[in-house]
Amino acid sequence: MGVSSTGNRLLRALPPEELEPLLPQFERVQVQKGDILWSVGHPLDFVYFPEAGLSSNVAVMSEGRRIEVGCFGQEGMVSTASVLNADRAPHELMVQVGGPWLRMAVGTFREALRRSPALHDLLLRYTHTVMMTVSQTAMSNGAYTVEERLARWILMAHDRLEGDELSLTHDFLSIMLATQRSTVTLAIQALEGYGAIQARRALIIVRDRGMLCDLAGNSYGPAEAAYERLIGPFRKTAVPYPG
């Protein structure tokens, strides 16, 4: 059954006359924490537009090591590979916080792209911001400390989830930050010492977002600023980004 409205901010960036005929072609599904909706190389049968929650694209190495390369929530869609006419998933899709998502068969989606230049152009702009996020993640992992990377990732999760309480485990954060669980624990303790967060079991509470921005430095902001320039707002507060 189709839908008549959506909480997905990317879709809502479309003009109403483009969005209204598109929505009935979606179905609403519920994803759960821990779901892996596809693995690397899986055929892309559907595209998804989250209306809530938090999920990650995870790169999987041959020896089984897993590293997060991008996260998304109600500001985005998956998979951008479908926008580019690819037919296989380049990454694992892991759900960290569940919620309602809109789903459309890939064939129907590609027909919608052909019929709607506005949708096509919007999703190309979004794909650009995703590529910026992947590049920013690579730079962050290679040039920034674990504490800086943790601050960046908490900010990214905070952007996409309601409220200041983030349901994030140390095991999950070790994948997100490409480091050991014990190292994540030390980084969390460091951010607590600055007063930026409070940590409880499987929960991180944001106490001072400004402090997190200071700690993350230039590892956070460029991709988010590009999204707001090209698509529209999705963050709780604006983050200045020179250039």
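Residue count for region 133-158 under the criterion of being more than 15 Å from Ala223 (Cβ to Cβ) and small (Gly, Ala, Ser): the result is 3. Tally the residues that are within 20 Å of Ala81 (Cβ to Cβ) and either loosely packed, with under 12 Cβ neighbours inside 10 Å or not polar (S, T, N, Q) (or both), restricting the search to region 1-21. Matching residues across region 1-21 total 2. Put simply, of Tyr194, Tyr220, Tyr227 the only residue that is among the hydroxyl-bearing types (Ser, Thr, Tyr) and under 19 Å from Ala143 (Cβ atoms) is Tyr220. Taken together, the residues in region 70-91 that are under 18 Å from Val40 (Cα atoms) and surrounded by 20 or more Cβ atoms within 10 Å (Cβ to Cβ) amount to 11.
Anything in region 98-132 that is over 23 Å from Ser4 (Cα atoms) and either modelled with pLDDT under 90 or surrounded by fewer than 20 Cβ atoms within 10 Å (Cβ to Cβ) (or both)? List them, or say none. Leu124, Arg125, Thr127, His128, Met131, Met132 - these are the residues of region 98-132 that are over 23 Å from Ser4 (Cα atoms) and either modelled with pLDDT under 90 or surrounded by fewer than 20 Cβ atoms within 10 Å (Cβ to Cβ) (or both). When region 182-232 is filtered for residues that are of a type in the set (Ser, Thr, Tyr) and crowded, with 18+ Cβ neighbours inside 10 Å, the ones remaining, listed by number, are Ser219, Tyr220, Tyr227. Can we say Ala138 is under 24 Å from His170 (Cα atoms), at pLDDT 90 or above, open to solvent by 10 Å² or more (accessible area, probe 1.4 Å) and among the aliphatic types (A, V, I, L, M)? Taking the combined requirement at face value, the residue does not satisfy it. So for region 156-165 (the condition being on the phi > 0 side of the Ramachandran plot and free of Cβ contacts under 8 Å to residues at least 12 places away in the same chain), does at least one residue qualify? Scanning region 156-165 turns up at least one residue that is on the phi > 0 side of the Ramachandran plot and free of Cβ contacts under 8 Å to residues at least 12 places away in the same chain. The residues of region 141-163 that are open to solvent by 30 Å² or more (accessible area, probe 1.4 Å) and assigned to a helix (DSSP H, G or I), listed by number, are Asn141, Gly142, Ala143, Glu147, Glu148. Filtering region 42-73 to residues that are over 25 Å from Asn141 (Cβ atoms) and either of a type in the set (Lys, Arg) or in contact with a Gly (Cβ under 6 Å, 6 or more places away or on another chain) (or both) leaves Glu51, Ala52.
Restricting attention to region 175-187 and to residues that are part of a helix (DSSP H, G or I) and more than 21 Å from the chain's Cα centre (by Cα), the residue that is nearest to His158 (Cα to Cα) turns out to be Ala187.
Selection of region 24-40 for residues being crowded, with 17+ Cβ neighbours inside 10 Å and either touching a Gly at 6+ places or on another chain (Cβ under 8 Å) or farther than 13 Å from Val78 by Cα (or both) yields Phe26, Val31. Contact map, region 41-62: first residue open to solvent by 30 Å² or more (accessible area, probe 1.4 Å), second residue acidic (Asp, Glu), Cβ cut-off under 9 Å, separation 6 or more or different chains; pairs are His42/Glu92; Pro43/Asp87; Ala52/Glu162; Asn57/Glu68; Asn57/Glu92; Ala59/Glu68; Ala59/Glu92; Val60/Glu92. Within region 72-87, the set of residues being within 15 Å of Arg110 (Cα to Cα) and of a type in the set (D, E, K, R) comprises Asp87 only.
The values are calculated or read from the model by the stated rules, or taken from the named source; none is laboratory data. All values reported here derive from a predicted model rather than from experimental measurement. So basically every Cβ, Gly included, is an ideal-geometry build from the backbone, and we count neighbours across all protein chains shown. Only protein heavy atoms, including side chains, enter the accessible area calculation; ligands, DNA and RNA are left aside. Shrake-Rupley method; radii C 1.70, N 1.55, O 1.52, S 1.80 Å.
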